[in-house]
1. Can you give the net charge of the other residues whose Cβ lies under 14 Å from the Cβ of W52, counting K and R as +1 and D and E as -1?
2. Going by amide H atoms built from the backbone, whose H comes under 5 Å of the H on L60, apart from near neighbours?
3. Please list 3J(HN,Hα) in residue order for region 34-48, calculated via the Karplus relation 6.51 cos²θ - 1.76 cosθ + 1.60 where θ = phi - 60°; whole Hz, with x for glycine and proline.
4. Name the chymotrypsin sites (Phe, Trp or Tyr not before Pro) in region 19-92 that are in a loop by DSSP and that have at most 14 other C-beta atoms within 10 Å, would you?
5. Looking at the square roots a ≥ b ≥ c of the eigenvalues of the Cα gyration tensor of region 6-89, which shape do they give, rounded for a/c under 1.5, prolate if a/b is larger than b/c, or oblate?
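Any read-out appearing in this document is the output of simple, stated calculations on the displayed coordinates, not a laboratory observation. Because the structure is a prediction, the values reported are computed rather than measured. Cβ sites come from the backbone with ideal geometry, for glycine too, and all protein chains shown count toward neighbours.
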Amino acid sequence: MRGDGEDSDYPIEISYATGEQIRVERCGGPARVLVRLPTSHYENTAGLCGTWTGDPTDDLRTPAGDALSSLSGYAAMVAFGESWAVADRAVT
């Protein structure tokens, strides 16, 4: 985003030689992030995007492995998102 609040340079795409792709899009609202992984990552993922096992009941897991129901309230969903937060780090 430019300093004047207008969108610029979207979408942004990053592709790795190993097949992973990240795309960031923004069109007047919140940003949308699309992550594509090669099938070699199937059943080997964790995080906000879920476990990619084909079983939606195991997608809402905290880093500690605790399960959260998709029917949980707003506060529980916020806590779930915050459980995946990482500390700010300078990029070198």
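1. -3
2. L68
3. With coefficients 6.51, -1.76 and 1.60, one gets 10, 10, 10, 10, x, 4, 5, 8, 4, 6, 10, 10, 7, x, 4 Hz.
4. For chymotrypsin sites (Phe, Trp or Tyr not before Pro) across region 19-92 that sit outside H, G, I, E and B with at most 14 neighbouring Cβ atoms in 10 Å, the list reads Y42, W84.
5. Values: a/c = 2.05, a/b = 1.27, b/c = 1.62.
It comes out oblate by the Cα gyration axes.
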